[in-house]
Structures are given as structure tokens and as C-alpha cells.
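The values are calculated or read from the model by the stated rules, or taken from the named source; none is laboratory data. Here the structure is a predicted model, which is why all the values come from computation and not from measurement. We place every Cβ from the backbone using ideal geometry, glycine too, and count neighbours over all the protein chains shown.
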Amino acid sequence: MKPPTLADIRRAAVLLKGVAHETPVLTSRQLNERSGARVFLKCENFQRVGAFKFRGAYTAIANLTRHHPSQPIVVLSSGNHAQGVALACQLHGREAHIVMPEPVNPLKRAAVLGYQGKVYTPANRDEADQLVEELVLKLNGHCIHAFNDPKVIAGQGTAALELLHTVKDLDVLLAPIGGGGLLSGTCIAAHGLNPALDIYACEPAGALDAIHSVRENRVVPQPNPQTIAEGLRTSIGDLTLVVLRKHLTGFFVIEEHEIVEAMQFVFERLKIIIEPSSAVALAPLLRREAALQGKQVGVIITGGNVDLTGFFQNLSQAPNQWGPE
């Protein structure tokens, strides 16, 4: 497989026009003051399914539909890719078979079911990998990888394309990294438009594999990630590794308490909900990284699918606490 080009990302943008949302770019005076930079947030938490993953899923399925219009789709994902594929399949009238290994986020599982996806919940990743193979054979299905796929990468790159058309004088781009699909598409789009841009990958300290993979030029497995950022617990792919080694300026490693602090800051100051994975890309700004000082910084806010059930249950169980005596 070859990585997509800027032309591929532009073709993906045409496919997505009128289907995906062109998400807003938000700014915040308080964030600028706190970070020492001028920050532009590309808010994919307002995307369909609540995350950027819809872009890549729809792009891949739309391209496949031209040649195999009724072939069932099989994916392995416990998160936003699962939702993106389920919705894209619903829009194209295709079957979506979603393998979501435990532990499963109940909010994301409910969303997949709401998009008419069929959900399978094996006990662990090894069983999930085996089940995907079995389903592809049994159903004569097509498996769409969550990030190591040129069409998926092209679709994800459209978020950066939109951002750079909106804000034309950025100095730096920040994005979180899990499998590297979003960041690969971001790199190709950004450097296709402005080769001078600095692009940093933001990775949780409890799930470090991409930084080692890029440095060692091999996919370093991540056997036991320990981070609240569930979307970043996977290892990068061989295709995304090629792109990242070519384009990345560097990495910022983020501690767990910084993820929580970034989520709280955005909730309290910007009044929007972001996932832990999104907060990873904001943390370098809040700790005032030297490389970002005085710069125009774009940040891809990847999603907003946070399960707040417990929070609202706590509120509803103690109504008298909040009202007049």
C-alpha cells in the first residue's frame, strides 16, 4: 500500500461535501493567555458520530461502493471508528459488522446499534482479531482498517485541509496519536499546502509506542497501554509509520493528570465536551511548551464522545441538595 497524496485528500473532501460536517474552528482568549500562543481549535467533536472518524470511514466505504456495492463491511474497533463505519454503512445501505472487544464504552456501543450496526463483543483483542477473520470469510466481507488504510487516511486528512483553508497562517499543528491515521492525513494535507509547518504528535505517557516506532523505524507493539485516552491505546501501522517518519517535527509526551486538567479547562472555559484523546493534544499548550510560545497553533479536537451517565445519575439521586430548602 502507498500513502495517499494531497490530491487523494482533495478527492475525499469532494466525496464528503454535504455529507460530513465542515466543523467549526474555535478560539479562546483565555486559552491564548494560558498557553502563550494563538490557538485555533478544529472541533471534530461536532462532526457526525461526534468524532473525526466518520470522515475516513465514509471515504473508504464510498470508494468501495463503486465496485462492490453490497459487500458487507467488517471492522475491529471499540470506539469512534466503529460508529463512523456503522453510520457510513447505513447511509450506503450496507451491512456493518462491528467487532468491539471488551471493555466496551457503553455510549459508543449504543451509538453503533443506533446506526443499525451488528455488534460482537469478544473478551479480548486476540479473540477479536480471530473473529474478524472468521466474519470476513463467512460473510465474504471487506475489512476496513481503522487507520492503516489509504482511503481512511485520505478522509481523515480533510479535517486539516479545512482548518488550513480557514486559518492560512498557522505555524504549528498538534494532534493526538493512536494508530496514526488522523496524524498521517494531517501531515500530508498540511505539508502539501505549507511545507514549513511544524507538526507534533501528542502521545500519552501510559501508551507510548509511536514515539519509539518513529525513532526505531519499526512498529513497536503496545501490549498493555494504561491511559484514560482509550482512543490512543493502539499501536501505529506500517503505512502510517512511513508517513509519520517523513513529516513529524517531534513528539509531546503527556501525563494522565494533564489529560484530565485539559478536559476540565475546556469544559469550564470553552463550554464544550472533549474526549480524553482530544485533551492530549491540548496539554502541551496548557503547560506552555517552549516550541509553541508566540506561535499560531492549530489543534485537531478529535472527538467528544464522553459517557456522562454517572455524572447525571449522581445529580438525579440527590435533587434536594441543589434546590431551596
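Figures for the structure shown
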item	result
Residue in segment 41-54 that is of a type in the set (Lys, Arg) and in a helix (DSSP H, G or I) present	yes
Residue ID - farthest from residue 175 (Cα to Cα), chosen from residues in segment 263-315 that are among the small types (Gly, Ala, Ser) and surrounded by fewer than 24 Cβ atoms within 10 Å (Cβ to Cβ)	310
3 or more residues of a type in the set (Val, Ile, Thr) and in the same structural domain as residue 180 (by TED's automatic domain parsing): qualifying helices (runs of 4 or more DSSP H) within segment 231-287	238-247
Segment 108-123: number of residues that are in a helix (DSSP H, G or I) and either within 10 Å of residue 97 (Cβ to Cβ) or in contact with a strand residue (DSSP E or B) (Cβ under 7 Å, 6 or more places away or on another chain) (or both)	3
Number of the exception - residue 102 against (1) surrounded by fewer than 16 Cβ atoms within 10 Å (Cβ to Cβ); (2) not in a loop (DSSP other than H, G, I, E, B)	(2)
Yes/no for residue 254 being touching a Cys at 6+ places or on another chain (Cβ under 8 Å) and surrounded by fewer than 20 Cβ atoms within 10 Å (Cβ to Cβ)	no
Residue count, segment 268-284 (criterion: under 19 Å from the mean Cα position of the chain (by Cα) and not β-branched (Val, Ile, Thr))	9
Yes/no for residue 22 being surrounded by fewer than 23 Cβ atoms within 10 Å (Cβ to Cβ), of a type in the set (Asp, Glu), under 18 Å from residue 274 (Cα atoms) and modelled with pLDDT of 95 or more	yes
Of the criteria (1) within 22 Å of residue 67 (Cα to Cα); (2) crowded, with 24+ Cβ neighbours inside 10 Å; (3) without any contact (Cβ under 8 Å) to a residue 60 or more places away in the chain, which one residue 137 fails	(2)
Verdict on residue 232 being modelled with pLDDT under 95 and within 21 Å of residue 286 (Cα to Cα)	yes
Subset of segment 210-228 (residues that are modelled with pLDDT of 95 or more and not β-branched (Val, Ile, Thr))	210, 212, 213, 215, 216, 217, 218
Breaking point among (1) in contact (Cβ under 8 Å) with a residue 12 or more places away in the chain; (2) farther than 25 Å from residue 262 by Cα; (3) among the hydrophobic types (A, V, I, L, M, F, W, C), for residue 7	(1)
Among the residues listed as 253, 260, 242, 266, the single one being farther than 30 Å from residue 24 by Cβ and among the β-branched types (Val, Ile, Thr)	242
Subset of segment 48-62 (residues that are surrounded by fewer than 24 Cβ atoms within 10 Å (Cβ to Cβ) and more than 14 Å from the chain's Cα centre (by Cα))	62
Hits in segment 161-211 - residues which are over 28 Å from residue 227 (Cβ atoms), without any contact (Cβ under 8 Å) to a residue 60 or more places away in the chain and either assigned to a loop (DSSP other than H, G, I, E, B) or aromatic (Phe, Trp, Tyr) (or both)	168, 194, 195, 196
Only listed residue being free of Cβ contacts under 8 Å to residues at least 40 places away in the same chain and within 20 Å of residue 231 (Cα to Cα), chosen from 66, 109	109
